[in-house]
1. Among Thr465, Ser162, Ala356, flag the residue with its Cα farthest along the positive direction of the charge dipole of the chain, charges on Cβ as +1 for Lys/Arg and -1 for Asp/Glu.
2. How do Tyr325, Tyr104 line up, fewest other C-beta atoms within 10 Å first?
3. Cβ neighbours within 10 Å, averaged per peptide: list 328-340, 155-167, 116-128, 443-455 in order, most packed at the top.
4. Using a simple charge model, +1 on the beta-carbon of Lys and Arg, -1 on the beta-carbon of Asp and Glu, nothing else, what dipole does region 237-485 show about its Cα centre, in debye to the nearest 20?
5. Work out the charge dipole of the chain with +1 on the Cβ of Lys and Arg and -1 on the Cβ of Asp and Glu about the Cα centre, then indicate which of Leu279, Pro193, Pro478 is farthest towards its positive end.
6. How far is helix 365-376 tilted, in degrees, relative to the longest principal axis of the Cα atoms in the chain, given as a value from 0 to 90 rounded to the nearest 10?
7. First select every other residue whose beta carbon is under 10 angstrom from the beta carbon of His100; then total the charges, Lys and Arg +1, Asp and Glu -1.
8. Within a 10 angstrom radius of the beta carbon, how do Thr481, Thr432 rank from fewest other beta carbons to most?
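Where a number appears in this text, it was derived from the coordinates with a stated rule and is not lab data. This is a predicted model, so every value here is computed, not measured. Here the Cβ positions follow ideal geometry from the backbone for every residue, glycine too, while neighbour counts run over all protein chains shown.
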Amino acid sequence: MGAEQGGPVVTSTGDRTTVGPVTIRPGDPRYLELTTAANGRFRCRPRQVRVVGSTAQVVEAVQDAVRGGMRVVARSGGHCLEDFVDSPDTGLLIDLSELHAVGYDPGRRAFFAEPGALLGDVYRTLLKGWGVTIPAGLEAGVGIGGHVPGGGYGPLTRRYGSVVDHLEAVEVVVVDRAGTARAVVASRDAADPARDLWWAHTGGGGGTFGIVTRYWFRTPGAVSADPAALLPTPPAAVLDSLVFWSWPDFTRESFGRLLRNHGRWHERNSGPDSPFTSLFSILTVLRRESGMIGLTTQVDAGRTDAPELLEAYLTALNEGVGVPYTHDVQTRPWLSTMLRPRMSGNVWGLRAKCKAAYLRRGYTGAQTEVIYRRLTGGDYRNPTAGVILAAYGGRASAVPPDATATAQRDSVLKAFYLNNWTDAAQDDTHVTWIREFYRELYADTGGVPLPGGDSDGSYINYPDTDLADPRWNTSGTPWSTLYHKGNYPRLQQVKARWDPLDVFRHGLSVRLPD
């Protein structure tokens, strides 16, 4: 129901102050909580933490950092996999978690979300208020602040595109050449003089141009006066399928067959007009010690052929594999599947090292062999190490690679290589394992997933600073190309215009041009 018919309207007018500014320094009992993030390998020790409740307070905090010569970073949800925030040289940490409003802005005829809003909060508010959503990620606890600028994706991406394909505008606190902080609103309007700043936030990555204080979303071409027609409508319900195979039942041959089937199916069924755009799956293949290989699949239950689509998918994956599996499928409300997925784990506080790749085609036979050997052999024993393959493509592939900063548009899968553990004394062992696994998997291309072949580089929201290290990237292709392909020079131009002093920087931030 639209706002003019009695639905809620939340306006964006001026600075709303709920909390802050609050300054917290070492010795304050709140300091430990506010300097602890998801990856237990990293923790920053800033001179101060600033909890903010408005854009004006963010501007003030950034200005104080510039004036005091402190490196300034921002945290929304705290899920960064590298030390981009939790770095020893962080001087002032801006905590955005109290900037968490979500609503409809009638002035822009767009929905807005502040950076501290968690994805689950965004989904809940948009659905309950207007019956709409954005095609963002599956982890409800992730902050939208860092998710969007990296080109976030999720279970509805194959059907509706990436989240940035619906990004209408962005408010960013930037610093000019004179060292003056200010807030700028940049939109996708072709006549907007700040449009390049909007474009940079459609896949250029967070923490590199400024600090986002608000996002606005509206589907391109949507012009209705009814807010309920301005963003995608999620399914009322989904077929929520959970399949498990017993790892010990797999041989080298049957394991290879499963991975080849999986890759081949996605190669054939990931076009923008495929009937399978309503299907999203995640295949989780951890070390054999985990006991199981798992597959979660969602299909829009509103399709009359939904059961047939799911059955066709599972049949194709299991063809010739010969390993029995258990299958449980439930019809669940869409929002419930996003807030409470059936197969998930809390990794907050665990130590982690992760890597990633876009896959344009399934793994080669040689790569499948590497994966099998690395997940079954040797003296290494860690049941939380392995690879997760998330479906991609669909409508995301209908967008030209330069229309947004998200350049990888014809990939069919996203591969996420992960390793989690708890004991700091074992850091070297676990980090070395995943580094060597990844290097061997991409041995034919210098230890990294080079763009343009079977792979297409990597995903900036799964950052890996090893790609900028010549010890682990021997391809001769720079990390910037792996993440941004041909869009990188344009991102550098945006950087030079909006952050000429390189105030906002980290291990994989866009560099100023020479």
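1. So the residue furthest toward the plus end is Thr465.
2. On the way: Tyr325 18, Tyr104 28.
The fewest-first ordering by Cβ neighbours comes to Tyr325, Tyr104.
3. Details: 328-340: 16.6, 155-167: 26.0, 116-128: 20.5, 443-455: 18.8.
Going from most to least packed, we get 155-167, 116-128, 443-455, 328-340.
4. Numbers: 26 positive and 27 negative charges, 32 e Å.
Roughly 160 debye for region 237-485.
5. Going by the Cα projections, it comes out as Pro478.
6. 80
7. Values: positive: none; negative: Glu98, Glu114, Asp121.
So the surrounding residues net to -3.
8. Ranked by crowding around the Cβ, least crowded first: Thr432, Thr481.
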